[in-house]
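Report on the structure given below.
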Amino acid sequence: MACDANGTAGAIRAVAAVVTEHRIELIDLDRAIGDADHGENLNRGFTAVVSALDSATPETPGAVLKTVATTLISKVGGAAGPLYGTAFLRAATALGDRSEVDLEGLVAALRAGLEGVKARGKAEVGDATMVDALAPALEAAEDAAKQEGADISTVLIAAADAADRGCESTVDLVPRKGRASYLGERAVGHADPGARSTALLLRAFAEAAR
């Protein structure tokens with residue numbers, strides 16, 4: 001089953017609700033190793049995204065994601081705006097003007113999003129960033145998409161499960177990027193806020209696809 005523009009917009013609204021629900025958790029995670037603004041910034045950004053989508057729903061899934069990207073880049077401070085904005089913008093470009101997202105398009109969007117984050121943040125797996133959640137999510141999505149009977153829901157669930165595990169892995173890593181890297185070994189024991197928000201977003205997409 002494919003997902004059209006309305007379905008994509010609905011999934012983004014579900015993401016916004018999850019960000020609001022977990023705002024305090026993300027603030028607390030960021031307070032431990034950063035400047036405590038990750039949850040607030042993301043919440044402000046996705047609130048603005050919902051307002052933009054309420055004004056006019058774009059005609060294609062790619063256009064929906066482009067609206068998300070441009071809104072986040074303009075409204076979200078810190079590293080989250082440029083990183084998430086780049087991820088959504090690359091995903092939008094990967095989808096092009098297709099009217100629906102199918103399995104191939106979903107995996108292509110995830111791959112493009114990861115490539116965008118890595119290019120923008122210069123981070124790799126093991127640096128204790130959102131890449132540690134997004135990279136295994138892509139790998140799991142690629143594997144799940146090859147299975148007989150796979151659909152968008154099963155692929156996103158596999159991606160979300162892998163992102164959860166990837167986020168947990170950051171607890172034991174010494175951060176090598178961002179503000180958390182200034183703490184060095186003292187940051188060990190804390191999950192990366194960006195990895196956690198990435199896992200939350202993917203889980204919201206998976207639940208919306210059900």
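All but one of (1) more than 30 Å from Val188 (Cα to Cα); (2) of a type in the set (Gly, Ala, Ser); (3) under 16 Å from the mean Cα position of the chain (by Cα) hold for Ser51; state the number of the condition that does not hold.
Looking at each condition in turn, Ser51 falls short on (3).
Which pairs do you get when a residue that is within 24 Å of Val18 (Cα to Cα) and open to solvent by 40 Å² or more (accessible area, probe 1.4 Å), found in the range 180-207, comes within reach of a residue that is in a helix (DSSP H, G or I) and modelled with pLDDT under 95, reach meaning Cβ atoms under 7 angstrom, with the pair 6+ apart or on two chains?
Matching pairs, first to second residue: His190/Leu29; His190/Ala32; His190/Ile33; His190/Val171; Arg196/Leu29.
Can you go through Ala17, Ala2 and tell me which one is of a type in the set (A, V, I, L, M), touching a strand residue (DSSP E or B) at 6+ places or on another chain (Cβ under 8 Å), farther than 30 Å from Glu185 by Cα and in contact (Cβ under 8 Å) with a residue 40 or more places away in the chain?
Being of a type in the set (A, V, I, L, M), touching a strand residue (DSSP E or B) at 6+ places or on another chain (Cβ under 8 Å), farther than 30 Å from Glu185 by Cα and in contact (Cβ under 8 Å) with a residue 40 or more places away in the chain holds for just one of Ala17, Ala2, which is Ala2.
Would a scan of the range 26-39 turn up a residue that is open to solvent by less than 10 Å² (accessible area, probe 1.4 Å) and of a type in the set (Gly, Ala, Ser)?
Checked against the condition, which is being open to solvent by less than 10 Å² (accessible area, probe 1.4 Å) and of a type in the set (Gly, Ala, Ser), the range 26-39 yields at least one hit.
From the set of residues in the range 125-144 that are charged (D, E, K, R) and modelled with pLDDT of 95 or more, which is most open to solvent (accessible area, probe 1.4 Å)? Show your work before the answer.
Residues of the range 125-144 charged (D, E, K, R): 127, 132, 139, 142-143.
Narrowing the set further to residues that are modelled with pLDDT of 95 or more leaves 132, 139, 142-143.
Numbers: Asp132: 9, Glu139: 111, Glu142: 56, Asp143: 77 Å².
Taking the candidates together, the pick is Glu139.
Looking at Ala48 and the list (1) in a helix (DSSP H, G or I); (2) at pLDDT 95 or above; (3) open to solvent by 30 Å² or more (accessible area, probe 1.4 Å), which single condition is not satisfied?
(3)
Within the range 1-41, track down each residue that is among the aliphatic types (A, V, I, L, M), over 20 Å from Phe205 (Cα atoms) and in a loop (DSSP other than H, G, I, E, B).
Scanning the range 1-41 gives a single hit, Ala36.
The values are calculated or read from the model by the stated rules, or taken from the named source; none is laboratory data. Since this is a predicted model, take the numbers as computed values, not measurements. So basically every Cβ, Gly included, is an ideal-geometry build from the backbone, and we count neighbours across all protein chains shown. For the accessible areas, the whole protein counts, side chains as well, though only heavy atoms, and no ligand, DNA or RNA atoms are used. Shrake-Rupley method; radii C 1.70, N 1.55, O 1.52, S 1.80 Å.
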